[in-house]
Amino acid sequence: MRVDVVSIFPDYLAALDLSLVGKARRTGLLDLRVHDLRGWATDRHRTVDDTPFGGGAGMVMRPDVWGRALDDVLPAGGAGHLVVPTPSGEVFTQRHAERLALEAHVVIACGRYEGIDARVAERARAAGHRVSELSIGDYVLNGGEVAALVMIEAFGRLLPGVVGNPHSLVEESHGAAGLLEYPVYTKPPAWEGLEVPEVLLSGHHARIERWRRDRALERTAARRPDMVAALDVAALDKADLAVLAGLGWQVSDGRLRPAEEPVAE
Ligand code: JCH
């Protein structure tokens, strides 16, 4: 897979030399290149921004500079996928990561200031590229670089051969099960008076599976009620439904719904 990142702070992306993504680059699974946007500026000061039309605070990144950059890094014939991190995008999820991992060529345009002139995404779409304007969550960053790091790590580990054991990819949170991960423990079995749950030391595989499933259901109900509401009821067994009932969730009209909260007098 080929990935190009364009930024006025290319050094921000230095972390991509490390860990799993760094290894994927060295082994040739990932051809990742980072570019300095100022290389496409034309004036003495290498200006990339200007004041916003319509007024308002801050500066906006110029479309002409970005246009020259993308003409050089997007593949010919509208065959690219342009990702633009932005606080106004759809929220990036594991589904986006899975789709991006299937692409031959992704270009990530990291903005700064108040963002990039909207005509840049518009023109890339008109040229036939896929364009995804994506937020990594509901908080405000100073630019797209950290979001690009997050996305590259999320899709990079899904490339065939990047994570050693592909089994560990399917068992994780936000995979098919739609539940958060159960808590995990390792040695020593007793640490500072805290014990590993006995069932995990029992060697009883079926009981361990049930215990993990119960903890996953509990955690998901406590932390992510939106994920409980989205569960496929047909994929749940009687024990799952009993645990969820104990947590205040009931099936009605084929969907899980929270039991009514008592109305205050
Ligand atoms: C970005 C900015 C507009 C701040 C400039 C480019 C992504 N999830 C997520 N949060 N923040 C970002 C992000 C991505 C790219 C850029 N900024 C700063 C831009 C704003 O409007 C309120 C605020 C932030």
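The values are calculated or read from the model by the stated rules, or taken from the named source; none is laboratory data. As the structure is a computational prediction, the values presented were derived from the model and not from experiment. Cβ placement follows ideal geometry from the backbone for every residue including glycine, while neighbour counts extend to all protein chains displayed. Keep in mind that these areas ignore ligands, DNA and RNA; they rest on the heavy atoms of the full protein, side chains included. Shrake-Rupley method; radii C 1.70, N 1.55, O 1.52, S 1.80 Å.
Express the relative contact order of the chain as a whole percentage, based on alpha carbon pairs under 8 Å and six or more residues apart in sequence. Intermediate values should be presented prior to the final figure.
On the way: 374 pairs, mean separation 43.3, N = 265.
About 16 percent, as a whole number.
Which one, S19, M59, V84, is farthest towards the positive end of the dipole of the range 1-85 when Lys and Arg carry +1 and Asp and Glu -1 on their Cβ?
Checked the options; the winner is S19.
Relative to the Cα centre, what is the charge dipole magnitude of the range 172-265, using +1 at the beta carbon of each Lys and Arg, -1 at the beta carbon of each Asp and Glu, and rounding to the nearest 20 debye?
Numbers: 12 positive and 16 negative charges, 60 e Å.
Rounded to the nearest 20 debye, it is 300 debye.
Using only protein heavy atoms and a 1.4 Å probe, report how much of T42 is accessible, in Å² to the nearest 10.
Number for this one is 110 Å².
Listed highest first by mean packing, meaning other Cβ atoms within 10 Å per residue, what order do 197-207, 28-38 come in?
Details: 197-207: 11.4, 28-38: 16.8.
Averaged packing, sorted descending, gives the order 28-38, 197-207.
Give the long-range amide H neighbours of I116: residues separated by 5 or more places, or on another chain, with amide H under 5 Å away, using H modelled in the peptide plane at 1.01 Å from N.
Amide H neighbours of I116, under 5 Å, 5+ apart: M61.
Is there a quick way to get the dipole size of the chain? I mean about its Cα centre, with the Cβ of Lys and Arg at +1 and of Asp and Glu at -1; what is the value in debye to the nearest 20? Write out the running numbers ahead of the final one.
Numbers: 30 positive and 38 negative charges, 151 e Å.
That gives the chain a dipole magnitude of about 720 debye.
Taking a probe of 1.4 Å, how large is the accessible area per residue of the chain, in Å²? Could the numbers behind the result be given before it?
Details: 15670 Å² over 265 residues.
Per residue, the chain has 59 Å² of solvent-accessible surface.
What is the extension gain from R207 to V146, computed as 0.36 nm multiplied by their sequence separation minus the C-alpha to C-alpha distance, in nm to one decimal?
Values: separation 61, 0.36 × 61 = 21.96 nm, distance 4.13 nm.
Difference between extended and current length: 17.8 nm.
Using a 1.4 angstrom probe on the protein heavy atoms only, could you order I116, I108 from most to least accessible area?
Working: I116 40, I108 0 Å².
Output order, biggest surface exposure first: I116, I108.
Restricting to DSSP H runs of at least four residues, report the calculated mean residue ellipticity at 222 nm for the chain, -39500 (n - 2.57) per run over all residues, nearest 500 deg cm²/dmol.
Values: 9 runs with 83 residues, N = 265.
About -9000 deg cm²/dmol.
What's the longest uninterrupted piece of the chain once you rule out the chymotrypsin sites (Phe, Trp or Tyr not before Pro) that are loop residues per DSSP with at most 10 other Cβ within 10 Å?
140-265
Sort 3-10, 77-84, 98-105 by packing, meaning the average of other beta carbons within 10 Å per residue, with the highest value first.
Values: 3-10: 21.5, 77-84: 19.6, 98-105: 15.8.
Descending mean neighbour count gives 3-10, 77-84, 98-105.
How large, in percent, is the carbon and sulfur part of the accessible surface of the range 50-116 at a probe radius of 1.4 Å? Present the calculation step by step, with values, prior to reporting the outcome.
On the way: 1760 of 3240 Å².
So the carbon and sulfur contribution to the accessible surface is 54 percent.
In degrees between 0 and 90, to the nearest 10, how far off the longest principal axis of the chain does helix 63-73 point, with axes built from Cα atoms?
Orientation of helix 63-73: about 70 degrees from the principal axis.
Would you kindly state how much longer the chain becomes between S88 and D226 on full extension, computed as 0.36 nm times their sequence separation minus their alpha carbon distance, in nm to one decimal? Can you show the working numbers first?
Numbers: separation 138, 0.36 × 138 = 49.68 nm, distance 2.13 nm.
Working it through step by step, the gained length comes to 47.6 nm.
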